[in-house]
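Each reported figure results from applying straightforward, stated rules to the coordinates on display, with no laboratory input. A quick note: this is a predicted structure, and the numbers were derived from the prediction, not measured. Reconstructed Cβ throughout: ideal geometry from the backbone, glycine too, with neighbour counts over all protein chains shown.
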Amino acid sequence: MTTTVGITWEAASARRAERQFLAGPAGTGTPVDEVVGAMLGAHAQVISAAEVSVGMRADGVTRADVRAALWDDRSLIKTYGPRGTVHLLPARELPLFSAALTAVPTGPGGFPPDVRLTEEQAGQVVTAIGEALDGRCLTLDELSEEVVARTGPWAGDRVMPAFQDLWPRWRQVVHRAGWAGSLCFGPNRGRKATYTRPAYGVPGAEAGDEGGDALSAFVHRYLHAYGPATPQHFARWLAAPPGWATALFGRLAAAGRIEEVRFEGTPAWVAAGDTDFPDGPARGVRLLPYFDAYVVAGQPRERLFPGKAYQRALGGGQAGNYPVLLVDGVVAGVWHQRRRGRRTTVTVEPLVRLTARQERELGEQAERVGEVLEATAELVVGEVTVGPHA
């Protein structure tokens with residue numbers, strides 16, 4: 001390892017891969033929540049994608065292990081994380097995430113004025129959600145009834161456009177309830193999702209005030225996993241105002257908590273003193289699922305998605321729409337898996353010519369996808385004909 005303040009893309013991507021168990025998987029017996037913590041959360045809007053994100057980073061881990069961590073020993077929690085999207089987070093780190101995410105400024109949202117909640121109403125809804133879920137699990141319909149009863153009919157007005165339907169007004173801030181520690185997902189009741197309050201059945205997950213240092217600790221964690229990075233990169237990862245992120249980085253720099261480096265010749269930031277990087281680039285072939293943390297948070301995008309990958313694997317500049325093939329730390333293809341019973345077909349569309357070694361590694365990765373999903377995998381190399389989110 002060398003110490004330098006002039007950092008190349010190759011060195012940065014190699015360190016990110018090391019710190020997120022992509023250079024080599026976590027050893028057998030590594031706690032699942034430790035793997036998720038290294039990623040700063042696993043995107044879980046589609047739970048099978050989260051299971052693959054975690055499983056591809058840890059030897060021997062399958063979807064059953066992820067589910068056991070979530071529902072049995074409760075070391076993981078399913079709730080709303082960065083960008084207001086559903087994530088798996090380590091339960092022990094919920095207080096930090098809660099304190100940091102609730103400190104991010106929220107704008108009026110994209111809804112018309114007659115649809116929006118006022119800040120006062122939003123606060124009432126978040127409080128009502130926490131009260132309704134205290135000590136019990138409720139379906140969405142049951143929670144909706146409780147929220148309206150505790151606030152007023154205005155909360156239940158079906159005015160919020162969503163998925164070719166209209167949702168009740170209160171659902172605009174369900175993610176903020178997750179950030180505040182008032183709500184998380186509970187076990188499904190049949191085919192219906194349930195919600196509960198995190199402290200219920202999740203030891204150590206009562207959200208608390210981490211004090212004024214929460215944002216500093218959160219930025220430090222982000223830079224450890226994804227640095228070097230700019231305030232704009234951080235803001236994009238959080239869906240936060242860029243000006244706010246710039247001011248935050250300025251305060252942390254003045255306090256000596258972060259330091260400026262040259263990343264591919266431009267200013268960027270790392271945690272103070274964290275300037276050791278690998279001498280060589282990332283090596284190896286990896287298959288990552290939808291919205292994997294490495295590709296969503298990795299910046300700059302034009303480096304992570306070089307050449308054809310920028311058009312093929314991004315949707316309007318948004319990372320995560322396609323599962324991706326990584327070759328030596330950069331996106332070099334897309335893939336898709338289709339399960340039938342106990343078998344799954346993994347179709348991979350490389351955008352570069354693979355060496356014989358890389359082809360062998362690709363076969364091993366496809367086999368590993370099957371193991372994580374508790375299925376037997378068949379690898380097909382060819383065009384992926386399905387669209388994003390398929």
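Would you mind checking the tilt of helix 356-372 against the longest principal axis of the Cα atoms of the chain, expressed as 0 to 90 degrees and rounded to 10?
With both axes taken from Cα atoms, the answer is about 30 degrees.
Going by amide H atoms built from the backbone, whose H comes under 5 Å of the H on Ala193, apart from near neighbours?
Hits under the 5 Å cutoff: none.
If we count every other residue with Cβ under 12 angstrom of Val386's Cβ, Lys/Arg +1 and Asp/Glu -1, where does the sum land?
-1
Put +1 on the Cβ of each Lys and Arg and -1 on the Cβ of each Asp and Glu in the chain; which of Ser53, Ala100, Thr266 then has its Cα farthest toward the positive end of the dipole?
Ser53
Between Gly109, Gly55, Gly315, which gets the highest mean-square fluctuation from a Gaussian network model of the chain, Cα cutoff 10 Å?
Gly109
Taking Cα centroids, how far is segment 283-326 from segment 174-191 in Å?
Result: 29 Å between the Cα centres.
Most fluctuating residue of Leu140, Leu326, Leu183 in a GNM of the chain with Cα springs under 10 Å: which is it?
Sorting by GNM fluctuation, first place goes to Leu140.
Quick one: check the C-alpha center-to-center distance for segment 16-43 versus segment 67-121, whole angstrom.
Taking the Cα centre of each part, segment 16-43 and segment 67-121 sit 21 Å apart.
Mean separation of Cα pairs under 8 Å and 6+ residues apart, divided by the residue count of the chain: what relative contact order is that in percent?
19
Could you work out the local net charge near Gly55, counting Lys and Arg as +1, Asp and Glu as -1, over the other residues with Cβ closer than 15 Å to its Cβ?
Every neighbour counted, the sum reads -4.
Within the set of other residues whose C-beta is less than 15 Å from the C-beta of Glu120, count the net charge using Lys and Arg as +1 and Asp and Glu as -1.
Summing Lys/Arg as +1 and Asp/Glu as -1 gives +3.
Return the single residue from Pro95, Pro113, Pro323 with maximal mean-square fluctuation; model: Gaussian network over the chain, springs between Cα atoms under 10 Å.
Largest GNM mean-square fluctuation: Pro113.
Show me the ranking of peptides 352-359, 158-165 by mean Cβ neighbours inside 10 Å, starting with the highest.
352-359, 158-165
How are the C-alpha pair distances of the chain spread across 10 Å bins, as whole percents from the shortest bin up?
Computed distribution, short to long bins: 5, 22, 31, 27, 13, 2, 0.
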